[in-house]
Amino acid sequence: LLMVKYLFDAGNYSLALDAIKPLMTRENSVIASTAILRAASLHLELGKHEEALSVLNIENVEGFSGLFYNLAGDVYLDLGNIEEAKKNYVLAIKNITENSSLTQLIQIKLDDLS
């Protein structure tokens, strides 16, 4: 994942996607979930919204669903689909540990859409 982060930070999104694909199916759910989140972020950076949403399949992401919903909300917001963005941000807040700084950030996004 460090190589992927390096490529991402350098703006080499296509190379980062190639490097991350094998990690997305790892049995270690933490590695796979992290890889999926990174891949979806890469697709969003590339303007490939459908790919980002298809990667963000919420099944089997125990402990990560809040992060997945947050990123899905970002994708829908980028598409201009405010209702779906709101729905995903609400789901994100419900699935993230209370008092998390991320919860506060998502709430700010949600408030901005109201």
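The values are calculated or read from the model by the stated rules, or taken from the named source; none is laboratory data. Note that the structure is a prediction, hence the values are computed from the model and not measured. So basically every Cβ, Gly included, is an ideal-geometry build from the backbone, and we count neighbours across all protein chains shown. Quick note on the areas: whole protein, heavy atoms, side chains included, nothing else; ligands and nucleic acids left out. Shrake-Rupley method; radii C 1.70, N 1.55, O 1.52, S 1.80 Å.
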Inset, instruction - Considering only the stretch 77-101, state which residues are farther than 17 Å from residue 111 by Cβ, outside any helix (DSSP H, G or I) and not β-branched (Val, Ile, Thr). - result: 80, 81, 95, 98, 99
Inset, instruction - Could you list, in sequence order, all residues of the stretch 6-38 that are basic (Lys, Arg) and touching a residue at least 24 places away in the same chain (Cβ under 8 Å)? - result: 38
Inset, instruction - Taking the residues in the stretch 9-38 that are open to solvent by less than 40 Å² (accessible area, probe 1.4 Å) and not aliphatic (A, V, I, L, M) as candidates, determine which candidate is nearest to residue 66 (Cα to Cα). - result: 33
Legend entry - Conditions (1) part of a loop (DSSP other than H, G, I, E, B); (2) open to solvent by 60 Å² or more (accessible area, probe 1.4 Å); number of the one not met by residue 112: (1)
Inset, instruction - Tell me which of these residue 36 doesn't satisfy, since it passes every other one: (1) assigned to a loop (DSSP other than H, G, I, E, B); (2) within 15 Å of the chain's Cα centre (by Cα). - result: (1)
Legend entry - Check on residue 99, open to solvent by 50 Å² or more (accessible area, probe 1.4 Å), more than 21 Å from residue 5 (Cα to Cα) and at pLDDT below 90: yes
Inset, instruction - Would you check if residue 105 is surrounded by fewer than 17 Cβ atoms within 10 Å (Cβ to Cβ) and either over 18 Å from residue 45 (Cβ atoms) or of a type in the set (A, V, I, L, M) (or both)? - result: yes
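Here is a check on your reading of the model: is residue 74 part of a helix (DSSP H, G or I), open to solvent by 80 Å² or more (accessible area, probe 1.4 Å), at negative phi and of a type outside the set (A, V, I, L, M, F, W, C)? Walk me through how you get there before you give the answer.
Details: part of a helix (DSSP H, G or I): yes; open to solvent by 80 Å² or more (accessible area, probe 1.4 Å): no; at negative phi: yes; of a type outside the set (A, V, I, L, M, F, W, C): yes.
When the stated conditions are applied, residue 74 does not pass them.
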Legend entry - Residue that is on the phi > 0 side of the Ramachandran plot and modelled with pLDDT of 90 or more, where the choices are 47, 63, 11: 47
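Counting just the residues of the stretch 50-60 that are of a type outside the set (Val, Ile, Thr) and either modelled with pLDDT under 90 or part of a loop (DSSP other than H, G, I, E, B) (or both), which one comes out least open to solvent (accessible area, probe 1.4 Å)? Before you say what the answer is, go through the steps one by one.
Taking the stretch 50-60 first, the residues of a type outside the set (Val, Ile, Thr) are 50-54, 56-57, 59-60.
In the following step, the residues that additionally are either modelled with pLDDT under 90 or part of a loop (DSSP other than H, G, I, E, B) (or both) were identified as 56-57, 59-60.
Working: 56: 10, 57: 83, 59: 127, 60: 144 Å².
In this case the residue turns out to be 56.
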